[in-house]
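S.K.: Next up is a structure, given as structure tokens.
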Amino acid sequence: MLSSILTIVLFIYIYRMANVASKYGVELTFFHGKGGTVGRGGNPALYRAIQSHPPNTINGRFRVTEQGEMIRQNFGSLEIAERSVDIYTAALLRESFTKHVEPKQSWRDEMERVAEVSCAAYRKTVREDPRFVPYFRQATPELELGKMLIGSRPAKRNPKGGVESLRAIPWTFAWAQTRMHLSAWLGVGDGLKGNVSYHTLIHLVSNKRANNVSFPFSHISEGRRGEESSV
């Protein structure tokens, strides 16, 4: 649920940046980090992911990073490399002729409110509650995972930092070992309290028929389940 809200808010801010760039005549190119799994924007979700971007944010240009084992998977042989380039090219060409649906202002306003309240509640627990870090380290194998050297980058941005310096993947992976998935839902309840009813919000972020028409960006949110939720 939290990942769906964050995905739509990301849509909103990319949309805003594109409008500002257009207003001032700036040629804007977004740089996308793409994972290997479908849930993180990898093949075969790549084609749909490109189609799902906000209006006027691609304009025939798409910069993306391929890293780690994904380089070999997508470009390891001539045949596979040609197929990967075909997917990029076909998606960009089709996107150029796609008429995107403009997100309603009322939706943008409500999702920003929900995201702001949810984020504040999330950080209050994770960063301000003195009981949280001891609980996190006792309930999850976070420290043990950091010693395994199985990632392409260190588990922490700052080796001497605390839990706040953890990267998104080890943070979420640690919670996944407990089947608790805290990073995917913490704070959502607070965000749902307010002017919008729970059922209205569920319809907005979870109803596939409504989302696929009004928020194409939801195409690439279906499998995320909090992978990108950082501390």
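Readers should treat all values here as calculations from the given coordinates under stated rules, not as data from a laboratory. Computed from a predicted structure; not experimentally measured. Cβ placement follows ideal geometry from the backbone for every residue including glycine, while neighbour counts extend to all protein chains displayed.
S.K.: For every other residue with a beta carbon closer than 13 angstrom to the beta carbon of Arg157, add +1 if it is Lys or Arg and -1 if Asp or Glu, then tell me the sum.
M.R.: Combined, the nearby Lys, Arg, Asp and Glu give +3.
S.K.: Now for a separate question. For Thr125, Thr7, Thr65, which order do you get if you count the other beta carbons within 10 Å of each Cβ and list the fewest first?
M.R.: By the 10 Å Cβ count, ascending, the order reads Thr65, Thr125, Thr7.
S.K.: While we're looking at this one, here's another question. Straight-line reach from Lys124: which aspartates and glutamates have a Cα under 15 Å away, not including same-chain ones fewer than 8 places off?
M.R.: Glu116, Glu164, Asp190
S.K.: What does the net charge come to around Met111 if you take all other residues with beta carbon closer than 14 Å to its beta carbon, with K and R at +1 and D and E at -1?
M.R.: 0
S.K.: Something else now. I want the local charge near Arg123. Using Cβ-Cβ distances under 12 Å, sum +1 for each Lys or Arg and -1 for each Asp or Glu among the other residues.
M.R.: That works out to -3.
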